[in-house]
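The values are calculated or read from the model by the stated rules, or taken from the named source; none is laboratory data. Since this is a predicted model, take the numbers as computed values, not measurements. Glycine gets a Cβ as well: all are built from the backbone with ideal geometry, and neighbour counts include every protein chain shown. The area values use the complete protein model at the heavy-atom level, side chains included, leaving out ligands, DNA and RNA. Shrake-Rupley method; radii C 1.70, N 1.55, O 1.52, S 1.80 Å.
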Amino acid sequence: MFLGTSGSMPTAGRAPAATLVRRGGERLLVDCAEGTQRQLLRSDVGLVELREVFLTHYHADHYLGLPGMLKTFSLRGRELPITVYGPPGLRDLFGSLRRIFGRLTYPYELVELVPGDVLARDGYELMPFAVDHTSSSLGYGLVEHARPGRFDVATADALGVPAGPERGALQRGEPVTTPDGRVVTPAEVLGPPRAGRRVALTGDTAPAASVLEAAAGADVLVHEATFCEDERDRARETAHSTAADAAVVAREAGVKLLALTHLSTRYSRHEIAEEARAVFTDTVVPRDFDVVELPFPERGSPRLVKGGAAHVRPPAPAPASVS
């Protein structure tokens, strides 16, 4: 869910960097630029009590909304803890930010990450990876575990596996014993493992081998595209990417869908899209409140839903008639 897709400053139509990854009931916020809490309030998610925030680096257009959001949570009487992750320097940053948000009603934890760290979760892993921007900037990969293969009901029936808990155990990878004493293993009733989903979010970066490696085989790559090729020299000076740069990464990494963000006010989204699609066809340029839906691979390909997270307001009541 794209909350902010602009570059270094907000525009009338785009807020600066913020992306929300929704997986089941989990909400993971990557970057928290100026105005992010208002973007959440304007979305169909609302300002939920986020448990985790992930910062890619410490340029103001990627974290300036965080102290205000933390303070708002406190004003609402929040008690649930929150964890903020980021590259080295996070604790120093919060030493300064405390002057802004003051005392909070809830505990927070700061976790500094480096490339190669792995955050193990239920069913997936979060992997920070190196990018080429500031000396310690990070991107984040979300990699789901492989899932058990499809359950073969006919084979289970033939083997005498009763309907009920035994079949659930087989799907979890546990052998079971049938009423007639036969041991049935998962391999006898399950198809080959099914792939999980994979997402890579770069934050700000120039083209980098580490990004290509992290994005290899991803279903969705969210990559910055601050410039077009007419400003290639400027992109290199500032450690950013052009739309064509991002498209080359997507093509070489074999991703299914490339989503371009962090757009400069120099360009229209159509210019960005045209340049990227000349290199990699499956490119989208989301607006704020657009969503990329990512089904399991056997259920289809990722797709952009325009305005998919916009808050839908009920129609205003018709004015009373006057006679």
> Any residue at all in segment 313-320 that is open to solvent by less than 40 Å² (accessible area, probe 1.4 Å) and either assigned to a loop (DSSP other than H, G, I, E, B) or touching a strand residue (DSSP E or B) at 6+ places or on another chain (Cβ under 6 Å) (or both)?
Replying inline: no
Selection from segment 192-226 of residues in contact with a Leu (Cβ under 9 Å, 6 or more places away or on another chain) and part of a loop (DSSP other than H, G, I, E, B) yields 197, 202, 203, 218, 219, 225, 226
Here the residues within segment 144-185 that are in contact with a Pro (Cβ under 7 Å, 6 or more places away or on another chain) and outside any loop (DSSP other than H, G, I, E, B) are 147, 170, 171, 183, 184
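Take residue 105 and decide whether it is in contact with a Ser or Thr (Cβ under 6 Å, 6 or more places away or on another chain) and of a type in the set (Ser, Thr, Tyr). First the steps, then the outcome.
Details: in contact with a Ser or Thr (Cβ under 6 Å, 6 or more places away or on another chain): yes; of a type in the set (Ser, Thr, Tyr): yes.
In short, yes.
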From the option list 244, 208, single residue qualifying as in contact with an Asp or Glu (Cβ under 6 Å, 6 or more places away or on another chain) and under 24 Å from residue 54 (Cα atoms) is 208
Pairs returned, first residue in segment 167-188 that is within 27 Å of residue 145 (Cα to Cα) and free of Cβ contacts under 8 Å to residues at least 60 places away in the same chain, second residue that is open to solvent by less than 50 Å² (accessible area, probe 1.4 Å) and among the aromatic types (Phe, Trp, Tyr), beta-carbon separation under 6 angstrom, 6 or more apart or interchain, are 171/151
Scanning segment 200-223 for residues that are crowded, with 21+ Cβ neighbours inside 10 Å and without any contact (Cβ under 8 Å) to a residue 40 or more places away in the chain gives 221, 223
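Go through 163, 156, 187 for me and flag whichever is in contact with a helix residue (DSSP H, G or I) (Cβ under 7 Å, 6 or more places away or on another chain) and either open to solvent by less than 60 Å² (accessible area, probe 1.4 Å) or over 30 Å from residue 241 (Cβ atoms) (or both).
156
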In segment 20-63, anything surrounded by 16 or more Cβ atoms within 10 Å (Cβ to Cβ), part of a loop (DSSP other than H, G, I, E, B) and not hydroxyl-bearing (Ser, Thr, Tyr) is listed as 31, 32, 33, 34, 35, 45, 47, 50, 55, 57, 59
Pairs returned, first residue in segment 225-243 that is at positive phi, second residue that is surrounded by 14 or more Cβ atoms within 10 Å (Cβ to Cβ), beta-carbon separation under 8 angstrom, 6 or more apart or interchain, are 239/132; 239/133; 239/134; 239/204; 239/205; 239/206
Within segment 251-296, residues more than 21 Å from residue 7 (Cβ to Cβ) and of a type in the set (S, T, N, Q) come out as 281
Residues of segment 7-19 being open to solvent by less than 70 Å² (accessible area, probe 1.4 Å) and either more than 20 Å from residue 85 (Cβ to Cβ) or assigned to a loop (DSSP other than H, G, I, E, B) (or both), in sequence order, are 7, 10, 11, 13, 14, 15, 16, 17
| Does segment 285-297 contain at least one residue that is outside any helix (DSSP H, G or I), at pLDDT 95 or above, more than 21 Å from the chain's Cα centre (by Cα) and of a type in the set (Phe, Trp, Tyr)? | no
Flagged pairs (Cβ under 9 angstrom, 6 or more apart or on separate chains; first in segment 68-86, part of a strand (DSSP E or B); second among the aromatic types (Phe, Trp, Tyr) and open to solvent by 20 Å² or more (accessible area, probe 1.4 Å)) are 82/108; 83/108; 84/108; 86/58; 86/63
Of 261, 265, the only residue that is more than 23 Å from residue 213 (Cα to Cα), of a type in the set (Val, Ile, Thr) and open to solvent by 10 Å² or more (accessible area, probe 1.4 Å) is 265
Restricted to segment 112-132 and to residues being in contact with a helix residue (DSSP H, G or I) (Cβ under 9 Å, 6 or more places away or on another chain) and open to solvent by 30 Å² or more (accessible area, probe 1.4 Å), the residue farthest from residue 235 (Cα to Cα) is 112
